[in-house]
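Q: Starting off with a structure, shown below.
Please treat every number below as a calculation from the coordinates, not as lab data. Keep in mind that what you see is a predicted model, and the values were worked out from it rather than measured. Using ideal geometry, Cβ is built from the backbone for each residue, glycine included, and neighbour counts are taken over all protein chains shown.
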Amino acid sequence: MSSSASNTASGEPNKASGQYHSTKGTLVETIGNVTGATTWQQSGKEEHAAGEGEYKASQAKGYAEGTADRIGGKKDSVVGAVTGDKAQQAAGNARDDKGEAQQTVNRSV
């Protein structure tokens, strides 16, 4: 696995970086197939796989963060409703909605 494909500047998985390396790996592999260069074929396969892994890791991380926001939002909403704190209840509902949107964006197809 290429270190440039598996690590971003922050060390966190990144969707854009993952897509870039996946696409670049496919291109390199195709060039290797056309020219018969087995090192290019192998390098391309490895970079494509690393890019796909990084994309999926970023997706999983985003989904988990959305889940955490939904749980925290539901808790705040319930506590706000029980205590009569409408601001806390509204903030909890907003956080729950944000978490749901984040889960939707990061849901595996």
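Q: Can you tell me which lysines have their Cα less than 18 Å from the Cα of LYS45? Leave out same-chain residues fewer than eight positions away.
A: LYS45 reaches LYS24, LYS56.
Q: Specify which residue in the list GLY18, ALA94, THR30 is farthest towards the positive end of the charge dipole of the chain, using unit charges on the beta carbon of Lys, Arg (+1) and Asp, Glu (-1), about the Cα centre.
A: Going by the charge dipole, the pick is ALA94.
Q: Relative to the first principal axis of the alpha-carbon coordinates of the chain, what is the inclination of helix 38-83, with its axis defined by its Cα atoms, in degrees from 0 to 90 and to the nearest 10?
A: Tilt relative to the chain: about 0 degrees.
Q: Going Cα to Cα from LYS75, which lysines come in below 21 Å? Please leave out same-chain ones fewer than 8 positions away.
A: The qualifying lysines are LYS86, LYS98.
Q: Another question, then. What Kirkwood hydrodynamic radius do you get for the chain when you take the inverse of the mean 1/r over all pairs of distinct Cα atoms, in Å?
A: On the way: mean 1/r = 0.0630 Å⁻¹.
Value: 15.9 Å, from the Cα pair sum.
Q: Here's something else I'd like to know. Measure nothing but the geometry: give the 0 to 90° angle between the long axis through the Cα atoms of 86-105 and the longest principal axis through the Cα atoms of the chain, rounded to 10°.
A: 20 degrees
Q: Provide the FRET efficiency to the nearest 0.05 for the ALA90-GLU12 pair, computing r from the beta carbons and using R0 = 22 Å. Working shown, then result.
A: Values: r = 31 Å, r/R0 = 1.41.
The calculated FRET efficiency here is 0.10.
Q: Just from its helices, what would the mean residue ellipticity at 222 nm be for the chain, if runs of 4 or more DSSP H residues each count -39500 (n - 2.57) and the sum is divided by every residue, rounded to the nearest 500 deg cm²/dmol?
A: Computed ellipticity for the chain at 222 nm equals -29500 deg cm²/dmol.
Q: Right, something else. As an exercise, use a Förster radius of 22 Å and the Cβ-Cβ distance of LYS75 and ALA101 to find the FRET efficiency, rounded to the nearest 0.05.
A: For LYS75 and ALA101, the calculated efficiency is 0.75.
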